[in-house]
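J.: Right, I'll just put the structure down here and ask away after.
The values are calculated or read from the model by the stated rules, or taken from the named source; none is laboratory data. A quick note: this is a predicted structure, and the numbers were derived from the prediction, not measured. Here the Cβ positions follow ideal geometry from the backbone for every residue, glycine too, while neighbour counts run over all protein chains shown.
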Amino acid sequence: MTLHLHATVADRGYDVALDVADGETVALLGPNGAGKSTTLDLVAGLLRPDSGAVHLDDRELSGDRAWVAPHDRRVALLAQEPLLFPHLSVLDNVAFGPRSAGARRAVSRETARHWLAEVGAGDLADRSPARLSGGQGQRVAVARALAADPRLLLLDEPMAALDVAVAPALRQTLRRVLADRSVVVVTHDALDALLLADRVVVLEDGRVAEEGPAAEVLARPRSAFAARIAGLDMLRGRWDGGVRTADGSLVHGLVTGPEPEPGDPVVAVFRPAAVAVYREPPGGSPRNAFAVEVTDLEPLGDQVRVRAGDLAADVTTYAAAELDLAPGTWVTFSVKASEVAVYRT
Amino acid sequence: MTLHLHATVADRGYDVALDVADGETVALLGPNGAGKSTTLDLVAGLLRPDSGAVHLDDRELSGDRAWVAPHDRRVALLAQEPLLFPHLSVLDNVAFGPRSAGARRAVSRETARHWLAEVGAGDLADRSPARLSGGQGQRVAVARALAADPRLLLLDEPMAALDVAVAPALRQTLRRVLADRSVVVVTHDALDALLLADRVVVLEDGRVAEEGPAAEVLARPRSAFAARIAGLDMLRGRWDGGVRTADGSLVHGLVTGPEPEPGDPVVAVFRPAAVAVYREPPGGSPRNAFAVEVTDLEPLGDQVRVRAGDLAADVTTYAAAELDLAPGTWVTFSVKASEVAVYRT
Amino acid sequence: GGDDESTASDDGSGITTLTVYAAASLTATFEQIAEDFEAEHDGVEVELSFGGSSDLVTQITEGAEADVFASAATKNMDDLVAADLTGAEPQDFATNVLEIAVPPGNPAGVKSLQDLTGDLNLVLCAPEVPCGAAAQKVAEAAGVTFSPVSEEQAVTDVLAKVASGEADAGLVYVTDVAAAGDDVEGIEFPESADVVNTYPIAPVADSDEADLAQEFVDFVLGATGQSVLQDAGFGQP
Amino acid sequence: MTTQQRQVGVPAWIYLPALLGAVLVLLPLAGMLSRVDWSRFVDLVTTESARTALGLSLRTSAVSTALCVLLGVPMAVVLARTSFPGQGVLRSLVLLPMVLPPVVGGIALLYTFGRKGLLGAELDALGVQVAFSTIAVVLAQTFVSLPFLVVSLEGALRSAGQRYEVVAASLGASPTTVFRRVTLPLVLPGLVSGATLAFARSLGEFGATITFAGSLEGTTRTLPLYIYQLRVTDPDAAVAMSLLLVVVAVVVIGFARPGRTG
Amino acid sequence: MTTQQRQVGVPAWIYLPALLGAVLVLLPLAGMLSRVDWSRFVDLVTTESARTALGLSLRTSAVSTALCVLLGVPMAVVLARTSFPGQGVLRSLVLLPMVLPPVVGGIALLYTFGRKGLLGAELDALGVQVAFSTIAVVLAQTFVSLPFLVVSLEGALRSAGQRYEVVAASLGASPTTVFRRVTLPLVLPGLVSGATLAFARSLGEFGATITFAGSLEGTTRTLPLYIYQLRVTDPDAAVAMSLLLVVVAVVVIGFARPGRTG
Ligand SMILES: Nc1ncnc2c1ncn2[C@@H]1O[C@H](COP(=O)(O)OP(=O)(O)OP(=O)(O)O)[C@@H](O)[C@H]1O
Ligand SMILES: Nc1ncnc2c1ncn2[C@@H]1O[C@H](COP(=O)(O)OP(=O)(O)OP(=O)(O)O)[C@@H](O)[C@H]1O
Ligand SMILES: [Mg+2]
Ligand SMILES: [Mg+2]
C-alpha cells in the first residue's frame, strides 16, 4: 500500500503533500491546528479536498473527478474522539470492522476478543461504552481500528488519555502491529514518533515544515516545533560566520553538513543539558551567552529544567536552589560552541 | 473552600474518601478506570453516591437526604471530553459561566476574551466549535471552566491533546490560576502533579492507594502506580531483613523511616538509572540481582530505557548496543543496596 | 381480497351479498329493513353503507359497487340519474318534515318557530345541505329570519349540539328527533308542512344482482318496509 | 463548507422506497390538480367567504401552534427529562387526542367545556361561553395538535441526550438557563418540525372543530369546514380551495424547514 | 443505574405549563368518562359489529404503519442525509397530507385511484379495484400517516448527526451496513415515536377513509367510522366505543414507549 496525497483545503489554510511508502509508518507531528487531523480526514474520505488528489497505490481516491466512498477505501481511521457506537457492546464495537468486511459473527467476535486483549481491555468486552472510563474508551477505540484490518491505518493520537501503566505495553503492541503495515499516526509525543514511525512529517500552519527519518528529525530538527518536541534548544538566523539571530547576536557552533554561504538560513541546535546557567555573565571559554528571563522551572527527575521563553537549560536541583532561580529572574544561559550544531535549513 | 467527600458507588466498585483544604490543589492520579472521573462527577453533582456524603465547607451537597443541584454548587467541572456547546461561538462558550452567574453580556465577553488569551486561543474567539481542531477545543474547554470562577474547580486531564508548544505555557497559567483556589485535577503526568498540586491522591480500583504531598509521593512512592508515574522501580514484599518478594528473592536496601517489624509489608524503591544491566550474572559488590526478560527498549535522550515487565533500567545507548539488547533477551538487572530505599507501606 | 367482498355476488359459499348505499338518516330504519329482508330471502346478506347522500353519489360515480341507492333528497338521486347510473326509474319511498329539537326540559322555553328568533343558541344546517335548505324555506314561508350560532354540515351535528345542551334549539327532521329518544324533545310547528323532503330509492346500474336489487327496492316500498319507516316517524310519499 | 462536507453516502437502494413513498403522496395531489378548473381558479379562491375562511384558519392555527409550543415544550421536557411513577401511562394519555377520531375529540371537548360539561357551571359563572366561539376553534385545534408537538419533541430530546445540559449545569447555569440557552437551541430542529406538525394539523383540523365549535362564517368556519361545505354545492370550488390550502401549507412549511445541525 | 443517574434538574416553573397542557388533554377525556354508561359498557363494546370494526381497525392500522415505516424511513433518510435541488419543495409537498383536511385527501385519492381517476383506466385494465376495498382503507391511512413518520424521523436524524456514521464508514461498512447497524439503531427512539404517531393517526383516521373507502361492515368500516355511525343511532354506544379506542391506543402506545438513550 502506498499513499500519495497532495491536497489543499482553502478555508483551513491547508496545503500539504504527503507520501507513505508500502509498509511504512509515518508520524505526523505539529502544533494544535496544524492540519494533522485534516490530513487523516482527507485520506479517509471524510473531507473532500478543494484541489489536489489522494492516491492509494494507483487508485485515485479523491480528485477533481474521482471520488471513492469512505467505506470503499479500506482505510481505517481512529479519530481523535473515541466515538464508540453507544448501542453496541464493547465487543460488538470492535467486531464491527470484521463484520462489515463480511466475516461471520462468531469469527468477528473472536477477532474482536483478540484485539481487546492486545490493548489490555479484554475484561471490558461485555460492557456498554457508556460505562467505560475515558482511557478504557480510548483503548477500545484503538482495538476497533486495528480489528478492521485496513490496508492503510490512520491513528489520531492513539495513546491519548492512557495511563502510564498501559502506555508502554500498548506502544509495544502498536509497534508490532504497525511494523508491516502502511500507517499514518498523529502524536504529540517524541517517544511515540521515535518508536513507532519510520519517518516523521512535521506540519505547521497547514504546511509541511520538515520531514525525514524519525531519528534524524528528532536529533537534528530544522523546524522550531520539531526541536521543541525533541526537547532541544534551537536558535534560528542567517549565516555570518556563526548564526546571526534576529536580535543581532551571533551564535557560534560546529557546522554539520554542507558549509553554508553567508546569508543562508541556518539554525543552531543544542541540548538543554549542555547549557550552563549563571546569575552574572561569565568570563572564560564558552563563546555563546544569552541574557534571558526565567519563565518557568520544571522538575525533571533529579534535575530542574529552566525555561526562558523558547530556550531551556537543565541544571541540578542543587544548582537551581543555589542560584535561587524563580520565574522572573534574569540569568545568563551559556553554551560551549562545541556543543552547538549548526546547519542549513 | 474545603471539600470533604466520602462516598461509595456500588456498581463501579468505588469507595473513596477525599479531603481538599482551602486553597489546596489536589492531583488525582491512577490507572484508567480507577475512579478519577467518578470522583469529580460525585463532587460536581452529576452522580449521586449510593452511600456517603459530599460536603463543601459546612454545606452537605450530597448525602442520604441532602441534594444540592449541580448548578447550585459553584463547582465547575472540566470533563474529559471538551463538550463545547455546538450552537455557541467559542467566545460565547467561554462567556457561558459568567453569564450564568449573572454578569452582563459585555462583561462576560470581556472575561471570556481574557481567559481565551490565557490559554493561547484568543484568535479563535469567533469560530464555531465545529471548526476547531482537537487541541484547540481542549484549550477552549479549559478557558470555559476557568472563566466560570468557581469556588471549587475540577479539572479532568486539562492538558490532554495539547501540543508541546503550548503545554508549558498553559501549565504556567494553570499554576498561577490554581494557586489560591481549591482544585482537584486529574492527570496522567507526574510533571503536572508536581507543578500544579500541593498534594497527590493515588486511586487504584476505586480505592485510595496512597496520598501525601506531591513531591514526597513521587519521590518515595508506596503504590505501584505512583512508582510507575514517578518513573521509579518498585518491588513489593514483606520485611525479612530485606524485602522478601512474592517469588522468594530477597532485596536489600537502606531502610528509611521507622524500622519495620518482620512480616511488615514493605517496598524497595530505586531509580532506573541506578540499575546496571548484564548479559551474565555478575559477581562483586551489588547485592541485588534479578534475572529478567527484556520486554521493551525506549530511547530516552542519549540513554535507553530497558523495560522488563514492571522494572526499568536506564543504560547508555552505547551500552545497550554492546549488550545487543532486544525484546526477549534474558538479562540480569543489578542494583546496589545503597541505591535502594526500603520503607513500610 | 378486500375488493371481492364488497361486490354483490355469489362468493361461492352460497351466500349472495346485496350492497345498499343509504343516506345517514336512514341508518336505524334500513338496518331493521335489511334484517327483515334477509329473513325473507335465504342465502342473502344485505351490506349497508351509510353516508351523506352526496358522498354516496360521489362514491358510486367513482366506481363503488353498490346495488341499491336510497337518497335523502331528490337532488342527489337526480345527480345519479344524470350520471346514467340508475338501473331503473327512482321511486319515492318516504317523506320527512322538520321539527324543532330542544334539549330535555326545554330550558329556553321554545314553543314556536317565532321563539327561535330570540336571544338563544340556535343551530341550523347550512343552507347547502338539504335540512338547511328546508330550514331556509320554512323561515321564508313563516316570514322570520334566524341568526344561528352555527350552520352545521349534517343533521347529526345539529342534534348532537342540542342533545348536549349546548344549543337551546335546532331545526331537524321529525325522524331525527324520534331516533334521538330521550336526548332531545321535539316541538312540532305548523309551518313545517310547507316543506316536505322526499326520499327516493333506485337500483344502481350494472348491478350483478339487478333482480335482487329490484326486490329490495320493492321490499322498501312494500308493507314491511313502510311500516318500519313509519314507526320511525317518516311520512308516506 | 460546500465541497468539504463530511461525505457518507446513503445506500443506493434507499432511493427506490423513498421514491415510492413520494409518489404515493404526490400522486393524489396530481390527481387533485387534474380536476382543477383553472379558468375559474382565481375567481373561486378569492371570494369573500374564501378569504374570510382562509384568514380565520391562518389566525387560529397560528394561535393554537403558539399554545402548543407554550404547553407542549414543557410537557415534552417533563416526559423526556424526569421520571416519576405513572409516567408511562401519562405519556400514553397525552398522546390520545392523536388517535381519537376528531369528531369524538370534539364530543369530549363539548362534554368538558360545553354549557352542561364538566366545567360548564364554572365557565358560565365567569360569563365565558366557549362553544360556538373562535376560542372553541383554537381549543379544538390545540387539543388535536398538542400531542404531535409533544411526541416529536420528546423524541428529539431523547436523541439529543443530556451531555451538554450536564456541562452547562456544572458551569453554574440554573435549570432555567440550561433550558433556555442549551436545551432549546440544541433541539431546535426537533422543535421546528414539531411546531410544523402542530401547525399543519391545526390547519387541516375539521372533525373536532365542527363538533365542538360549529360552523359560522367569520367566527368558526375555518378553511376545512368551508371546503367541506363547498363540496356539496360546488365541487370545483372545493377542489380549488383545497389547492389553495395546499399552497398555503407549502409556503408555511417551506418557510419553517428544519435547520442544519453538526 | 437508579440512584446514580446523572442529575440535572428541569426548571421548577416548567411543571406549571406542562401541567396545564396535561390538563387540557386529560380534561376532555375525563369529560368523556363522565358520560359513559358503565352498566352497559361491556355489552356495548362486545357486539359483533364492534368486534369486527375493532379488528379491521387494528389490522389496517398495523399494515399501514408497516407501509409507513417501509416507505417513510427511506424518505426521511433521503431528506435528512442528502441534498439536491428542489429538496425544500419536495419536503413541503411530502408533508401535505398532514394539512389537507382528511376528506379532501380522500377526494384526492378518489381522483387518483377511482374509476374515473388518474390511474383509473390502468387499474381497471389490471382488473384491480382499489377504491371501496380494504386496500383503500390502508391506502387512505398510509396517505395521511406517512408524513408524521417522515417529519419526526427526519428531525431525529438531524439531531443525531452523522458522527457515528462517519466512523462506521471508515471501518469499512458499506452505506447499507451503516444504515442498518448504525443509523437505524441510533435513531430508534425517533423511529419508535414516529411509528407510534403513524399508528395512532391511522387508528383515528376517518375523513379520508369514509370518502375514499366508504363504510361497509367488515371491509371498510373501521372503528372511527363505526363510532361515527353509532353516534346517530346510539350515542351511548358511541361514547363506549370511543373509550375502547382510547384504551386500545393507550395499550399500543404504552407498549411502544420510547427507549432510553445514553
Ligand atoms: N470542520 C472544520 N471546518 C473548518 N476549519 C476547521 C475544521 N476543523 C478544523 N479546522 C481548522 O483547520 C485547521 C487544522 O485543524 P486540524 O484539526 O487538522 O488540526 P490538528 O493538527 O489535528 O490539531 P490538534 O493537534 O489540535 O488536533 C485548524 O486551524 C482548525 O481550526
Ligand atoms: N456510566 C458508568 N456506569 C457504570 N460504570 C462506569 C461508568 N463510567 C465509568 N464506569 C466504570 O467505573 C470505573 C471508574 O471509572 P472512571 O471514569 O472514574 O475512571 P477514571 O479513573 O476516570 O479513568 P480514565 O483515566 O480512563 O479516565 C471504571 O471501572 C469504569 O469502567
Ligand atoms: Mg487533531
Ligand atoms: Mg476519567
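Residues are listed down the side, and each one gets a yes or a no for (1) away from ligand 1 (no atom under 16 Å from the Cβ); (2) farther than 30 Å from D:PRO185 by Cβ; (3) modelled with pLDDT of 90 or more:
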position	(1), (2), (3)
B:THR2	yes, yes, yes
B:ALA17	yes, yes, yes
B:VAL20	yes, yes, yes
B:GLY33	yes, yes, yes
B:LYS36	yes, yes, yes
B:VAL43	yes, no, yes
B:PRO49	yes, yes, yes
B:VAL68	yes, no, no
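Conditions tested, residue by residue: (1) more than 17 Å from E:VAL166 (Cα to Cα); (2) within 16 Å of ligand 3 (Cβ to nearest atom).
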site	(1), (2)
A:LEU47	no, yes
A:VAL54	yes, no
A:ARG65	yes, no
A:HIS71	no, no
A:GLN80	no, yes
A:ALA103	yes, no
A:ARG113	yes, no
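J.: Continuing with the same structure: Restricting the search to the range C:135-160, which residues are within 14 Å of chain D (Cβ to nearest Cβ) and of a type in the set (A, V, I, L, M, F, W, C)?
T.: Within the range C:135-160, C:PHE146, C:VAL149, C:ALA154, C:VAL155, C:VAL158, C:LEU159, C:ALA160 qualify.
J.: May I ask you to say which residue of C:SER25, C:SER53, C:SER71 is surrounded by 24 or more Cβ atoms within 10 Å (Cβ to Cβ), hydroxyl-bearing (Ser, Thr, Tyr) and more than 22 Å from C:GLY222 (Cβ to Cβ)?
T.: On inspection, the qualifying residue turns out to be C:SER53.
J.: Then there is this: Hey, among A:THR245, A:THR187, A:THR173, which residue is closer than 21 Å to B:PRO168 by Cβ and of a type in the set (S, T, N, Q)?
T.: Sole residue among the options that is closer than 21 Å to B:PRO168 by Cβ and of a type in the set (S, T, N, Q): A:THR187.
J.: Would you pick out the residues in the range D:90-121 that are aliphatic (A, V, I, L, M) and over 23 Å from the mean Cα position of the chain (by Cα)?
T.: Selection gives D:LEU118, D:LEU119, D:ALA121.
J.: Additional query: Mind checking which residues of the range D:70-88 are more than 7 Å from chain E (Cβ to nearest Cβ) and closer than 26 Å to E:GLU205 by Cβ?
T.: D:ALA76, D:LEU79
J.: Restricting to the range B:157-212, and then to whatever is polar (S, T, N, Q) and either buried (at least 22 other Cβ atoms within 10 Å of the Cβ) or within 14 Å of ligand 2 (Cβ to nearest atom) (or both), can you tell me which residue is nearest to the other protein chains (Cβ to nearest Cβ)?
T.: Per the stated criteria, the residue is B:THR187.
J.: If a residue has to be in contact with an Asp or Glu (Cβ under 6 Å, 6 or more places away or on another chain) and over 25 Å from B:ALA215 (Cα atoms) to count, how many in the range B:8-39 make the cut?
T.: 3
J.: OK, next. Please work out which one of (1) touching a Phe, Trp or Tyr at 6+ places or on another chain (Cβ under 9 Å); (2) more than 7 Å from chain E (Cβ to nearest Cβ) is the condition D:ARG35 fails and give its number.
T.: Result: D:ARG35 fails condition (2) only.
J.: Go through (1) surrounded by 20 or more Cβ atoms within 10 Å (Cβ to Cβ); (2) in contact (Cβ under 8 Å) with a residue 40 or more places away in the chain and name the single condition C:GLU188 misses.
T.: (1)
J.: Do we have any residue at all in the range B:149-156 that's over 18 Å from the mean Cα position of the chain (by Cα), within 15 Å of ligand 3 (Cβ to nearest atom) and either within 14 Å of chain A (Cβ to nearest Cβ) or closer than 23 Å to D:SER174 by Cα (or both)?
T.: No, the conditions are met nowhere in the range B:149-156.
J.: Kindly provide the set of residues from the range C:35-51 that are closer than 22 Å to E:THR220 by Cα and either more than 22 Å from the chain's Cα centre (by Cα) or more than 8 Å from every other protein chain (Cβ to nearest Cβ) (or both), ordered by number.
T.: C:GLU35, C:GLU38, C:VAL44, C:GLU45, C:VAL46
J.: Quick one: count up the residues across the range A:240-256 that are touching a helix residue (DSSP H, G or I) at 6+ places or on another chain (Cβ under 8 Å) and not in a loop (DSSP other than H, G, I, E, B).
T.: Residues that pass the stated criteria total 1.
J.: So A:ASP58 clears everything in (1) away from ligand 1 (no atom under 16 Å from the Cβ); (2) more than 30 Å from E:ARG181 (Cα to Cα); (3) in contact with a Leu (Cβ under 8 Å, 6 or more places away or on another chain) except one condition, right? Which one?
T.: Unmet for A:ASP58, out of (1) away from ligand 1 (no atom under 16 Å from the Cβ); (2) more than 30 Å from E:ARG181 (Cα to Cα); (3) in contact with a Leu (Cβ under 8 Å, 6 or more places away or on another chain): (3).
J.: I would also like to ask the following. If E:ALA173 satisfies every condition in (1) at pLDDT 85 or above; (2) assigned to a helix (DSSP H, G or I) but one, which is the exception?
T.: (2)
J.: Which ranges mark the strands (runs of 3 or more DSSP E) fully within the range B:273-345 that have 2 or more residues being under 20 Å from A:ARG171 (Cβ atoms)?
T.: Passing ranges, in order: B:288-293, B:296-300, B:303-308, B:311-316.
J.: Pull up the range A:308-325, narrow it to residues that are of a type in the set (D, E, K, R) and surrounded by fewer than 20 Cβ atoms within 10 Å (Cβ to Cβ), then point me to the one that is nearest to A:ALA274 (Cα to Cα).
T.: My answer is A:ASP310.
J.: Moving on. For residues in the range B:115-144 being facing another protein chain (nearest Cβ under 9 Å) and without any contact (Cβ under 8 Å) to a residue 24 or more places away in the chain, which is farthest from ligand 3 (Cβ to nearest atom)?
T.: Top of the filtered list is B:ARG131.
J.: Something else: Considering E:VAL128, E:VAL103, E:VAL150, E:VAL138, which residue is more than 8 Å from every other protein chain (Cβ to nearest Cβ) and within 30 Å of D:ALA238 (Cβ to Cβ)?
T.: Checking each option against the conditions leaves just E:VAL138.
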